[in-house]
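K.L.:
Quick one: the structure is below, and I'll ask about it shortly.
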Amino acid sequence: MTALRAEARLGDVLPALKHNSLVSVNVLDANGYCTVFMNGEANVYDNEAVKIIVSKAAVLKGTKDASGLWRVPLKDTVSNPTTDTILINRLSPHHAINNVYELPSTEQAIRYLHAAAGFPPKTTWLKAIRAGNFVTWPGISAESVYKFFPESEETQKGHMDRQRKGVRSTKDKSTQETQLTPMQREHDVFIKVYTQRDVMYTDQTGRLPAISSKGNQYVMVLCEIDGNVILVEPMRSKADGEMQKAYLRLLARLKAAKIVPKKHVLDNECSEAMKALIKETCQLELVPPGTHRRNIAEKAIQTFKKHFIGILAGTADDFPLHLWDRLLPQAEMTLNLLRQANARPTVSAWAYLFGPHDYNRMPLAPMGCAVQIHDAPEQRRTWAPHSVDGWYIGTSDEHYRCHKIFVKATRTERITDTVFFKHKYLTNPTVTPEDAVVKAAQDLTKAVQGNLNLKGKANMEAIQKLSDMFSVAAMEHKFNNERLQPAQRNKQVQRNDIPQVYDPQPAKLEYQREQRVPLIVESPMHSSHPRVQIQQPSPRVPSTNTPSQAIQKLIDAKPKKVR
């Protein structure tokens, strides 16, 4: 650095760059130096000693604007530098994206797609990925998910179960060692024949914690055995009319997929009107009274509730819970993408009914996340903002690359293809080395503009102060306990006079010093150890007896020897 001129060695002190200082190329350029980045090296030359000879013209050429930033043109003829050029050192926003393709790293893409899939557990997601259920999702592979799988709280809130018994048991398992003889390898072929069952099970969930804006409070869950499909329909109540409507809607969806069940199994608790309706479509079978576990829909309800609770836990903090029923279509889709069909184990349950899912045609996003959607010019006023606030409630299966958004202002649904997503896994990522570099770049920008970014430093100082306060309090508590332990172990020593600490008022209170009294501690065990005499100064005690409301400290005072 000593070879540079004094003007080129000027820099800014940044708190976040204690170990990796940055050199400004703009400063070098302004003071007559040429910086060449090539083959992993950076060489700085004096402009008077540089002569560049090229065989072809530059493939990209930019200029430096009045603010000191470098701009590269987006088209051949630049009429407006603001719209026709782009900053070469511009950072993409980290708190929001338009789609998954704009995410800067594989780790953030995995986080985004994991939220879009409904926060599934790691083993479940990896099994579905290896089966080819997410082959159209961009950047998804078993290796990348295994490496960057986000340990999210939403997954635990939806899928955490009680610890299984017998795991790493401490019981003595005395087993006899047996010699295992290796079997000779044969060219065997194993074949499994699956018999088409054409059976479906249905049941209803309990009441949800909030009534939806459409008046729904319950969910009917259907499980079709051959496809291993779980379908859901919201209901207003458990009245016969509502249950029959939900049943007919579920049955119509199965028939649209060319699946016609021949038998319907449900709980023994069923009205006569519901039984008559089912007998018109297929054979009716009831499980034995009091044996609900025979109904496979009970397990389907458990699986769906885990998946849907995780989705609700991952919604935005201001997402209204009365919109829960609008999340059911995409929640049902992502759940069936994680399951394999029984009749065709090589495809997902969703593909068995509705065909393979194409992410490019029907992209998915985290449900319930806050978004900004484009407001068309013919719908907004002249000086109105170009976007409105809303929440993402699902993808549109009837449109090409469109999303369903619930608009905050109008409280209505809107289908649009231009959405700006903001999700907390992207706005508040974990601190990584890349984030430290971004923070340093932001500090550099502030320093160049003349403003020092001390936000991170202030936060660290506040945390350090809190840590020091807790450390001092812990040391005082430990010191007081250690002083009290010898007297507590000795049952013959009594503490009669424990003074209190009073609010100091020098104008009214007078302090008096008492004589020092030796503290005699006898050994708790009847041994030959001599008694120990400890001279302790007596505390300064105010002459008044009025108690204080301040913090009270225990201070040793005249202990008396008891015989």
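The values are calculated or read from the model by the stated rules, or taken from the named source; none is laboratory data. In this text, all values refer to a predicted model and were calculated from it rather than measured experimentally. Cβ placement follows ideal geometry from the backbone for every residue including glycine, while neighbour counts extend to all protein chains displayed. To get the accessible areas, we keep the full protein, side chains included, count just its heavy atoms, and leave off ligands, DNA and RNA. Shrake-Rupley method; radii C 1.70, N 1.55, O 1.52, S 1.80 Å.
K.L.:
Hey, does the stretch 212-229 have a residue that's open to solvent by 30 Å² or more (accessible area, probe 1.4 Å), polar (S, T, N, Q), within 25 Å of A273 (Cα to Cα) and assigned to a loop (DSSP other than H, G, I, E, B)?
P.N.:
Scanning the stretch 212-229, I find at least one residue that is open to solvent by 30 Å² or more (accessible area, probe 1.4 Å), polar (S, T, N, Q), within 25 Å of A273 (Cα to Cα) and assigned to a loop (DSSP other than H, G, I, E, B), so the answer is yes.
K.L.:
Does any residue of the stretch 337-346 turn out to be open to solvent by 40 Å² or more (accessible area, probe 1.4 Å), charged (D, E, K, R) and in a helix (DSSP H, G or I)?
P.N.:
Checked the stretch 337-346: no residue is open to solvent by 40 Å² or more (accessible area, probe 1.4 Å), charged (D, E, K, R) and in a helix (DSSP H, G or I).
K.L.:
Let me ask something additional. Can you pull out every residue in the stretch 234-285 that is part of a loop (DSSP other than H, G, I, E, B) and touching a Cys at 6+ places or on another chain (Cβ under 7 Å)?
P.N.:
P261, K262
K.L.:
Right, another one. How many residues, within the stretch 222-245, are hydrophobic (A, V, I, L, M, F, W, C) and more than 34 Å from the chain's Cα centre (by Cα)?
P.N.:
Count: 2.
K.L.:
Which residues, taken from the stretch 24-41, are outside any helix (DSSP H, G or I) and surrounded by fewer than 15 Cβ atoms within 10 Å (Cβ to Cβ)?
P.N.:
G32, T35, V36, F37, M38, N39, G40, E41
K.L.:
I've got another one for you. Restricting attention to the stretch 286-316, which residues are under 20 Å from Y247 (Cβ atoms) and outside any helix (DSSP H, G or I)?
P.N.:
Of everything in the stretch 286-316, those that are under 20 Å from Y247 (Cβ atoms) and outside any helix (DSSP H, G or I) turn out to be L286, V287, N295.
K.L.:
From the list P385, P363, which residue is under 29 Å from the mean Cα position of the chain (by Cα), modelled with pLDDT of 90 or more and either farther than 25 Å from T315 by Cβ or open to solvent by 20 Å² or more (accessible area, probe 1.4 Å) (or both)?
P.N.:
From the options P385, P363, the qualifying one is P363.
K.L.:
Pick from the stretch 107-139 the residues that are over 16 Å from the mean Cα position of the chain (by Cα) and of a type in the set (S, T, N, Q): which of them is surrounded by the most Cβ atoms within 10 Å (Cβ to Cβ)?
P.N.:
Filtering the stretch 107-139 for residues that are over 16 Å from the mean Cα position of the chain (by Cα) and of a type in the set (S, T, N, Q), the one surrounded by the most Cβ atoms within 10 Å (Cβ to Cβ) comes out as N133.
K.L.:
If K255 satisfies all but one of (1) within 18 Å of A276 (Cβ to Cβ); (2) open to solvent by 50 Å² or more (accessible area, probe 1.4 Å), what's the number of the condition it fails?
P.N.:
Unmet for K255, out of (1) within 18 Å of A276 (Cβ to Cβ); (2) open to solvent by 50 Å² or more (accessible area, probe 1.4 Å): (1).
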